[in-house]
Structure formats: C-alpha cells, structure tokens
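The values are calculated or read from the model by the stated rules, or taken from the named source; none is laboratory data. Computed from a predicted structure; not experimentally measured. All Cβ positions, glycine included, derive from the backbone under ideal geometry; neighbour counts span all protein chains shown.
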C-alpha cells in the first residue's frame, strides 16, 4: 500500500525534486524608436527562455516586423502595441534579430 501512495504522489508532482523545476521566462522590454531596437544587445544564458516584449514607438521605420531567422520568427510590430515573442536559447553564441530588410539589427548574446 505504501508503494502505491508513493507512486500516486510522485505522479501528481508532489515527489518532484527541485532540480526538475522549470525556470520562468525572463521578460525583456524592447522598444523600436528612431535609433532602432533598444536595447540592441541582450545577454542570455544557454537554455534560458526569454520573452521579448517589443513595442514599436515610431511610424517612419522599416522595423514594422521583427525577424529572428534562427527561430523562424517573422512577427508584425503594430504601432504602440506591445508584442511578445518568446524564444528559448539552445546554444552559445549570437542570435541575430532585425527588420525584414536586415538594415536595423540587434542580437542576443548567449553564454
């Protein structure tokens, strides 16, 4: 009987170790203004989940979308409306992001 109770508790998540806990995503506010992406460089650690909350604040810009080729992201950025883009870094190195024309750029530095 004790064995059945242990199995039920473990399957219910009550027996999970702290090492099995999933880290919460880190929110990062990114604005698009006359200078481009701010911040243009974001630091992250390998395996970290980031929620980029991007707000385009200017009308006259080529940054009406954000493109992150490594993650297959091509997301519209409506004026003055926050848009959330979530990614989980999988390897060390730089992950680039840009406007669709690849003129205004930024990067995520993964360590």
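Would you pick out the residues in segment 47-71 that are over 14 Å from residue 86 (Cα atoms) and free of Cβ contacts under 8 Å to residues at least 40 places away in the same chain?
Scanning segment 47-71 gives 55, 56, 57, 58, 59, 60, 64, 65.
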So, in segment 34-46, exactly how many residues are without any contact (Cβ under 8 Å) to a residue 60 or more places away in the chain and farther than 18 Å from residue 75 by Cβ? 2
Is it true that some residue in segment 2-24 is modelled with pLDDT of 95 or more, at positive phi and either surrounded by 13 or more Cβ atoms within 10 Å (Cβ to Cβ) or assigned to a loop (DSSP other than H, G, I, E, B) (or both)? no
Which numbered condition in (1) surrounded by fewer than 12 Cβ atoms within 10 Å (Cβ to Cβ); (2) modelled with pLDDT of 95 or more; (3) at negative phi is the only one that residue 80 fails? (3)
Does residue 65 qualify as being under 23 Å from residue 100 (Cβ atoms) and at pLDDT 95 or above? yes
